[in-house]
Amino acid sequence: MNNDYYTSFLDTANKVIDNNNSPAGFCLKDLNIPLVAADKAVRNRFKLALFRSIENLDENLARFEKLFSNKHNAVFWATDYNDVFDNLKKLFKIHKAKSVRLPNINSSTIFRELGIKYFLRDNKIDLLEEGDIQFFVADILFADTGSILLLNQSNSNFSRLNNGKTNVFFTSIDRIVCNTEWAEIYQQLYSYKSGSGAQDMIIFKGSENCNNYLFIIDNQRTNILHHKELRQSLTCLECGRCNDVCPVFQTIGDEPYNNVFVGPVANITLPYLETIETYRHVAYACTLCGRCEEVCPINLPIRDMIIDSRQSLLADDNIDKEDRHRLNAMRKFISNRKKMNVSNFLKHHLLFKYISSDYRKSHHILPFGKESFNKAYKKLIENEQRNKN
Ligand code: SF4
Ligand code: SF4
């Protein structure tokens, strides 16, 4: 994905959303329509809305926090799981809590990512149907209203949210959409994961009966934000459609990933969410066949991002800062025609100045040709003209 593509995509996103402030008219009316049949225009607009939400992430998160926070609601910003666990310990202490209500502890990605069950076990906190504190996944945050979307919720959970107990919600920084009116579309597109059609949803803004704490977790997602060609991967709905059709993932399964995140999008994000050393190889777990893009409800350009990720991983390729600096200087040197036309002896002298002796020892440095291509080409043309005359 080159810069021009990126800029024009962002421009389109801004124009489309600004010109259509009320996307409610585009919401799907029939919740039983299978996703693949959903209006392409709707999905495209939703994709642009997600993209714009991520592009203005800091602004949207700040806006959300301002609208959500009050004397009953508080946001905890967590850099990583240690931040989450430190603050959870304080919460359990303040509320004198000894147990948690957390149904389906293994089915939620964010709880598995945090390893919450090990935290509860290590701190001797029981899992009970009527726990002192109730844990929920905040599937999406809405920046315009400061409310939270909870999917796959039964009516009983709706009353639980107001039953006077302490509620703790967990989400990651990328789960934000600028406009609440996209709730229905999000629910539709995401519901594939459950395999049971559209899920029940609750849009929650807090209640006066309960204390509500929301953990918004980074866990290295900002590393991806730094790579603007890869940012779109953060808009992935985690619906799982691409995993089902990817020939590589279907062959190798999730075990080789040794991670909560698996499949086509993990091929893009894992080196940045974890470490490049450990996860560089997943960028190559792809044949660029494009099947994932065909089924993605928001048409994420997965292949482009995988190629960009490979390029970026090569650029970060274990070269220490000093060598990187020298290599950049050398790149500038060899792209300067005048300098390349100096004598061979001088060129080798300059080259050795740029590259450290350690690097020269561990890499085979090709010698420069006797004369530059530019000089050789000039000679060739001159010879041709002479022959013609
Ligand atoms: S393009 Fe890559 S990630 Fe996507 S389905 Fe094909 S092999 Fe899998
Ligand atoms: S990339 Fe698309 S298909 Fe794959 S999980 Fe994300 S939203 Fe679903």
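A short reminder: the numbers here are calculations on the coordinates, not readings from a lab. Keep in mind that this is a model prediction, so the values were computed, not measured. Because the Cβ atoms are built from the backbone with ideal geometry, glycine has one as well, and the counts that use them run over all protein chains shown.
Brief remarks on what is shown
- Cross-link pairs Lys347/Lys379; Lys66/Lys124; Lys332/Lys370; Lys66/Lys228 - those with Cα-Cα distance over 32 Å: Lys66/Lys124
- Over region 229-315, the fraction of Cα-Cα pairs per 10 Å bin, rounded to whole percents and listed from the shortest bin up, is 18, 58, 23, 0.
- Listed from fewest to most Cβ neighbours within 10 Å, the set Glu294, Glu371, Glu208 follows the order Glu208, Glu294, Glu371.
- Cβ crowding within 10 Å, taken as a proxy for footprinting-reagent exposure, orders Val260, Val342, Val168 from fewest neighbours to most as Val342, Val260, Val168.
- Ordered by the number of other Cβ atoms lying within 10 Å of each residue's own Cβ, fewest first, His349, His227 fall into the sequence His349, His227.
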